[in-house]
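Written out below as structure tokens is the structure these notes cover.
Since every read-out is calculated from the coordinates, none of them should be taken as a lab result. All of these numbers come straight from a predicted model, not from anything done at the bench. With ideal geometry, Cβ positions are generated from the backbone for all residues, glycine too; neighbour counts draw on all protein chains shown.
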Amino acid sequence: MRRPHSFVLQIVVVFGLFVLSLPSFAQVQLWKTTSASHDVVIEGYARTNNKCESIDPPTVYVDRPPMHGIVCSKNGELLLRKTVENDLSHCLSKRAQGIQVVYLPRKGYVGSDTVRYTVRFPTAQHAVEVLLTVLAGGLHSPGVAPPSIDDPASDARQTPGPLPVCPALVSWR
């Protein structure tokens, strides 16, 4: 039996990236490509009330961290594109504050990576698996990952747990 899924929204990041929030029984699989040493927004998530005002965003839990980078969150403005439940259709095409899930490859890494995380809304959850391709090249680095979100000098891999906030953007140049 399906559970109600209040506040679950499909949204588009202002930069034009489509975001999909599905009921808890579905797993979303996404494919993203970025250049070496460049970050990429994977998804954005937001919640609103019936007045279309932003409320606390859902929480994100990293189930399987990437092996060759980190995932983290940035606050951002999102454009609401589709309501999934609770007749919030009057909020479509409005902007709301939410979080963006960002992948940051390690310095110099080129190849494939995978990350799995779960988005937790008050009454729903859904799992997301992202297949990432990091290509060689790129003109400059707007944001690159330290080897560890806790210790930039470390080669430690990110561990499962709550999605951390992205570190200050740095350049490897």
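Local charge for residue 116 was computed over the other residues whose Cβ lies under 10 Å away, with Lys and Arg +1 and Asp and Glu -1, and equals -1.
Annotation: peptides 57-68, 37-48, ranked by per-residue average of other Cβ atoms within 10 Å with the highest first, follow the order 37-48, 57-68. Net charge of the neighbourhood of residue 98, taken over other residues with C-beta under 9 Å away and scored Lys/Arg +1, Asp/Glu -1, is 0. Highest mean first, the peptides 70-76, 109-115 sorted by other C-beta atoms within 10 Å per residue fall in the order 70-76, 109-115.
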